Amino acid sequence: MQKIVKPYNDSKLSKKEEVEKMFDNISAKYDFLNHFLSLGIDHIWRRKTIKLISKKKPDFILDVATGTGDLAFAAEKKMKIKKIIGLDISNGMLEVGRKKIKKKNLKDKLEFIQGDSENLPFEDDYFDAVMVSFGVRNFENLNKGLSEINRVLKANGGIYVLEFSKPKNFPIKQLFNFYSSYILPFFGSLISKDKSAYHYLPASVDAFPEGTAFINELEKVGFKTSSSKTLSGGIATLYSAFK
């Protein structure tokens, strides 16, 4: 059974509602904190993700939990695509992304819409590829979210998931645990002014069914030829699977 970890542990709100609230709260500082707290390594991870996606030459891509659109912008820059639609539950995050679309004059290639990853507002067999970076662990119902992604993918379409994982080997395991337990929450809380958000991140990583367990979740909803590759000593993992 999926363990539910919420940012604020408010009994009156669902995880979905709390995640929306959290990202709305930190949206103004999110881009800075994302790159600062990852020491820029997130750029490398996204490049590897895009390189993998580009092998299938998709024209029409959905970026689930797009946030401010970092992966969508990087994909548009590196790939010859017709359209990328970014979907996120937080309008605060999307507004930051929309400003970047306008600044970069990419309104013909990128579109950001508010929506629920577990109830995607698209027809069946709609996209060539779906990508999710650091978002699946925020799903309230992982099985439902993955099922929806499978539904909107065309036959043989691919899902590509970049997500945090837990390093297993010394000394990266010890360094990562110290960093995620103390350094990240301290600076994240200080800069974002939301104490809960950056304590939620390591808790959500700890609760996420990584590696083989996540591959099993993908296969449960009908994906096949699944694979995973750990990055930076296991700090993150890149998953792919096909419909």
**Message:** If you restrict to DSSP beta bridges whose two residues both lie in the stretch 80-182, what percentage is antiparallel, to the nearest 5?
**Reply:** 10
**Request:** Send over a whole-number figure in Å² for the accessible area per residue of the chain, probe 1.4 Å.
**Result:** 50
**Asked** Can you list the residues, at least 5 places off or on another chain, whose amide H is less than 5 Å from the amide H of SER133, using H built in the peptide plane?
**Response** LEU162
**Asked** Where the eigenvalues come from the Cα gyration tensor of the stretch 180-241, what are the semi-axes √(5λ) of the equivalent ellipsoid, largest first, in whole Å?
**Response** 30, 13, 8
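Of the accessible area of the chain, with the probe set at 1.4 angstrom, what percent is carbon plus sulfur?
Answer for the chain is 54 percent, counting heavy atoms of protein chains only.
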**Prompt:** In whole Å, what three semi-axes, largest first, describe the equivalent ellipsoid of the chain built from its Cα gyration tensor (square root of 5 times each eigenvalue)?
**Reply:** 25, 21, 18
**Prompt:** Normalised by the number of residues in the chain, what is the relative contact order in percent for Cα pairs under 8 Å and 6+ residues apart?
**Reply:** 21
**Complete:** Honestly the stretch 35-164 on the Cα gyration tensor test (a ≥ b ≥ c root eigenvalues; a/c under 1.5 rounded, otherwise a/b vs b/c for prolate or oblate) is just rounded
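If eta is 1.567 mPa s and T is 4 °C, what Stokes-Einstein diffusion coefficient results for the stretch 1-64, Kirkwood Rh from Cα pairs, in µm²/s?
Numbers: Rh = 14.8 Å.
Roughly 87 µm²/s, to the nearest whole number.
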**Message:** Largest first and in whole Å, what are the equivalent-ellipsoid semi-axes of the stretch 144-214 based on the Cα gyration tensor, each being the root of 5 times an eigenvalue?
**Reply:** 30, 17, 9
**Message:** List the residues, sorted by chain then number, that are 5 or more residues from ILE113 or on another chain and whose placed amide H is less than 5 Å from its amide H.
**Reply:** GLY86, LEU87, ASP88
**Fill in**
Pseudo-spin-label distance PHE32 to LYS48, built 7 Å along Cα→Cβ, given in nm, is 2.9
**Fill in**
Of all C-alpha pairs within the stretch 1-112, those more than 16 angstrom apart amount in percent to 64
**Asked** Using +1 on the beta carbon of Lys and Arg, -1 on that of Asp and Glu, and nothing else charged, what's the dipole of the stretch 1-160 about the Cα centre, debye to 20?
**Response** 860
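Taking every DSSP beta bridge that has both residues in the chain, what percent is antiparallel when rounded to the nearest 5?
40
The values are calculated or read from the model by the stated rules, or taken from the named source; none is laboratory data. The structure displayed is predicted, hence computed values, not measured ones. Don't worry about glycine lacking a Cβ; one is built from the backbone with ideal geometry, like all the others, and counts go over all protein chains shown. The protein model used for the area step is the full one, side chains on, heavy atoms only, and it has no ligands, DNA or RNA in it. Shrake-Rupley method; radii C 1.70, N 1.55, O 1.52, S 1.80 Å.
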